[in-house]
Structure formats: C-alpha cells, structure tokens
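In what follows, a structure is listed as structure tokens, so that the remarks can point back to it.
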C-alpha cells in the first residue's frame, strides 16, 4: 500500500503497467509455448485504433503473438466464429464500436469465454455479478475480469484508500460517472463486492449500490443526486466520453478525495484536479497490461496441454 497523502498528481499509470507487464513476461517465458492472440478491428474510430496499437505493442513486449485483422462489418461475425474454432488461437480481442447498437452486444457474447481476453462476455459478467471468483469446483481457475475495471481497481489498490485487512474498500464511498456494461457497471459491482458503497451514475441519474442491495434490480435501488454523492465520496471515478458532461468542480468534492478519469475526455475542471488528494488521469496502459494477464490466465486454464 502506498501513502499518497504527499504525492498529489505524482501517480504514474505507465510505471504500474510496466510492473505488471514484467510479471506477464516472466510467465510467458516460463510457458515455453506460443500464446496466440488475434484482434478484429472494424471501426476507424481513433480510440479503437489507439487501443489496437497499444495491444499490439503490449503483446510484443511480453512475448505474446498478436495479429490484427481489419474486417468489414458484415465479416466480423464469421471472423469471430472462425477464431473460436481455431485451436491455434488462444485469445480474441474485438475493438468496438462496430455497429454502435445492440448488435455489438451480440458480437461480444459470441466470443468463446475461454478466449475472451477482455472478460466482457455474458459468461464472465454473470460470474462477476454473482461474485463467483473461480471457474471450477477446485478453485484453481480464477474467473476472468473485465480489463478496464480491473485496471482501475489495481490503481486504487496502490493508494491509501485500499485496506490490506478484511474487504479492501470497506468504509469507502465511491462515485462512478459511467454505467456502461463494459466499464462502469462491472466496476461498481467489483467495488461493492470488495466492501465499498457505490453511487453509480448514468444519464438517468444516480443509484446506490452496496453489498446489501447489489443483487436487486436497478428500479429497486435507492436514488441519489450528484451533489449529495460527491460531497460524501472518498473516491470519484469518471468515464464520460462527451464534452457535454458538466465537469466536476473543486467545490463539489469532499476534502481529500481521490479522483480518477478513464475517458479520453477530461471530466474534471483544472481546479478539481488540483484540489484532489490524488488525481489519476488515465488507465489505458494498465488496461492493456490486464488484458495480457487475462490472456496468460486463459491459456493456462483452457489451452495449455
């Protein structure tokens, strides 16, 4: 655990990612067999292009074989299915958006969970929401967790918000502005599973999620407004990719709050970033490192002979 009280704005996501890549590199070297990962890119979205480039660089750095295939929208379903059936493919990335609607969810869930490097299929999400941390009766195969939420958790573990005894985020109140199925929702449940009280916001407003009510439907959860949530929050996490989002102001924050922004759009005003005890500006490098860790875990659990 790192004391961050005197290290405001000194947090370095790249340095943490390098540590995890080093661990993965050693694991890959010890396996002494090729680990093959494929990525499918359809969109010309700059964020998707950047993510694909980071993935390629990360795989090369740790010794994982990575190949990127650019596909047309009408080709992506068949390409994923072929990769599912190919015994020489051990991990699959799909870079979104593709269609930008529910068809993307269908493609996401068509990935074989045993090759789902990003941990986004319904199979792994169901385990996450049920807090099932293993995929076998012997508790030897750890469940795969979604990469960006896992990266955020790892960053918070390096702060004094994390407790080494008992539940890691017991007693912490955390606001998350993002309730997407890819990041915000699973992150809220991961933090609630670890003892936190979570205020989860999307465009419709805020919900309270904690260990007592996390299994209830959204409509049955208690509501909370932005002002009240921020005033109580020890940690504020944002991932709103829109410049229309009302940026968080310094006067809204609880004194000593830790702030983390995982969107490419900055969701905090400059004064809020300065007021935070610790401001974490991005998670991208660590997201890729978590994906690489997942790739090795998938290989060991389901593909190693």
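Worth a mention:
- Test for residue 65: is it outside the structural domain of residue 195 (by TED's automatic domain parsing), over 21 Å from the mean Cα position of the chain (by Cα), touching a residue at least 24 places away in the same chain (Cβ under 8 Å) and closer than 20 Å to residue 293 by Cα: yes
- Residue in the range 252-266 that is in contact with a helix residue (DSSP H, G or I) (Cβ under 7 Å, 6 or more places away or on another chain), in a loop (DSSP other than H, G, I, E, B), crowded, with 22+ Cβ neighbours inside 10 Å and in contact (Cβ under 8 Å) with a residue 60 or more places away in the chain present: yes
- Condition met for residue 47 (surrounded by 13 or more Cβ atoms within 10 Å (Cβ to Cβ) and touching a strand residue (DSSP E or B) at 6+ places or on another chain (Cβ under 7 Å)): no
- Positions within the range 231-245 being in contact with a strand residue (DSSP E or B) (Cβ under 6 Å, 6 or more places away or on another chain) and part of a helix (DSSP H, G or I), in sequence order: 232
- Sole exception among (1) surrounded by 19 or more Cβ atoms within 10 Å (Cβ to Cβ); (2) at pLDDT below 95 for residue 184, by number: (2)
- The residues of the range 16-35 that are in contact with a strand residue (DSSP E or B) (Cβ under 9 Å, 6 or more places away or on another chain) and either buried (at least 19 other Cβ atoms within 10 Å of the Cβ) or not assigned by TED's automatic domain parsing to the domain that holds residue 292 (or both) amount to a single one, 35.
- So residue 224, is it under 16 Å from residue 176 (Cβ atoms) and within 18 Å of the chain's Cα centre (by Cα): no
- Across the range 283-305, the number of residues qualifying as surrounded by fewer than 17 Cβ atoms within 10 Å (Cβ to Cβ) and either in a loop (DSSP other than H, G, I, E, B) or touching a strand residue (DSSP E or B) at 6+ places or on another chain (Cβ under 6 Å) (or both) comes to 2.
- Each residue in the range 230-249 was checked for being in contact (Cβ under 8 Å) with a residue 12 or more places away in the chain, touching a helix residue (DSSP H, G or I) at 6+ places or on another chain (Cβ under 9 Å) and more than 16 Å from residue 281 (Cα to Cα), and 2 pass.
- Residues located in the range 9-39, provided they are more than 30 Å from residue 76 (Cα to Cα) and outside any helix (DSSP H, G or I): 9, 10, 11, 12, 32
The values are calculated or read from the model by the stated rules, or taken from the named source; none is laboratory data. As the structure is a prediction and not an experimental result, all values here were calculated from the model. A quick note on method: Cβ atoms are made from the backbone with ideal geometry, for glycine too, and the neighbour counts reach across all protein chains shown.
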